[in-house]
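Before any comments, here is the structure.
The values are calculated or read from the model by the stated rules, or taken from the named source; none is laboratory data. Everything quoted here is computed from the prediction, not taken from an experiment. Cβ coordinates were reconstructed from backbone atoms using ideal geometry, including for glycine residues, and neighbour counts include every protein chain displayed. Calculation scope for accessible area: heavy atoms of the full protein, side chains included, ligands and nucleic acids excluded. Shrake-Rupley method; radii C 1.70, N 1.55, O 1.52, S 1.80 Å.
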Amino acid sequence: MFDKDTLVISYDEQRGEPRGSRKKGVDYQAQGLGDCIDCTLCVQVCPTGIDIRDGLQYQCIGCAACIDVCDQVMDRMGYPKGLIRYTTENAMEGQRSHLLRPRVIVYATLLVAIMGAVVYGLTQRVPLRLDVIRDRNTLYRETSQGLVENIYLLKIINMDEKPHTYSLKVSGLSGASLAPGQSKISVPAGEVANVPVRVRIDPALLKHVGNDVEFHLRALDNPKLSTDATGRFIGPIPRR
């Protein structure tokens, strides 16, 4: 993630070394000292307790507290600011820094792609979710009309800001239908409705013990507000 052109917090070693305390106004350069007065304030204000003068370390969180306190000390001493500053390794070595480089272009492209995916997901998000939970207490049961019936619990999540009435249909299993009075379901805004439904079929139409059945939920006031879910329909062993 880092190279010689990455902007990081750095201590100007060439300017600051050798360190040493001194009084304001003295000719410290004649004493062979650099600009760093070795006050250790940069270490004291660091939330992770590192000494930036030892070089960039992985504990650095880039808060720039060391930059601020060092600039204040430089002001009081009458020295130029920037002993600790945001810079690059190339700049510290007196070389030119490059803003546009392959990794910057790659990262920018990835960021744009991710942001585009997020925006697309938000704009295309359907504020409706349907979960189908089959009743596991009973594989199936026979009605008085001789039909085979499975019971499901539909968990309908209306994530919209207004209530909706939905139409419910089943498909994928020829001849299957909902029990009477279960084709319309109302869910308040921002709530979850747990709705038991029964799907029934003539056993003569079943070709397998286990069959997939599709549940289709669609808002009556907005056909685009729809979702589907798959359930498993269990019946008796078909007669040969």
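A few points about this structure:
- In straight-distance terms, cross-link reach from LYS81 covers every one of the lysines whose alpha-carbon lies under 16 Å from its own, apart from those fewer than eight places away in the same chain; here that gives LYS24.
- Candidate values (1) 60, 40, 33; (2) 108, 35, 34; (3) 45, 40, 39 were compared with Cα extents along the principal axes in Å computed on the shown model; the agreeing label is (2).
- Taking the C-alpha atoms only, the angle from helix 102-124 to the longest principal axis of the chain is near 30 degrees.
- Dipole size of region 19-101 about its Cα centre, with +1 on Lys/Arg Cβ and -1 on Asp/Glu Cβ: approximately 160 debye, rounded to the nearest 20.
- Counting Lys and Arg as +1 and Asp and Glu as -1 over every other residue whose Cβ lies under 15 Å from the Cβ of ILE67, the net charge comes to -2.
- Value of [θ]222 nm, deg cm²/dmol, for the chain, DSSP H segments ≥ 4, -39500 (n - 2.57) each, nearest 500: -6000 deg cm²/dmol
- Surface/4 of the Cα convex hull for region 126-240, nm²: 7.0 nm²
- Positive dipole terminus of the chain, leading residue within PRO80, PRO188, TYR166 (C-beta point charges): TYR166
- Local electrostatic count, THR230, Cβ distance below 11 Å [Lys/Arg +1, Asp/Glu -1]: -2
- Distance from region 189-214 to region 146-172 (C-alpha centre basis), Å: 9 Å
- Neighbourhood charge, 13 Å Cβ-Cβ cut-off, centred on SER183 and excluding it, Lys, Arg +1 and Asp, Glu -1: +4
- Annotation: per residue accessible area for region 100-223 equals 63 Å², rounded to a whole number [probe 1.4 Å, protein chains only].
- A simple charge model with +1 on the Cβ of Lys and Arg, -1 on the Cβ of Asp and Glu and nothing else charged puts the dipole of the chain at about 1200 debye relative to its Cα centre.
- Percent carbon-and-sulfur accessible area, the chain, ignoring ligands, DNA and RNA, probe 1.4 Å: 54 percent
- Bridgeable lysines around LYS155 (alpha carbons under 30 Å apart, same-chain partners fewer than 8 residues away excluded): LYS169, LYS184, LYS207, LYS224.
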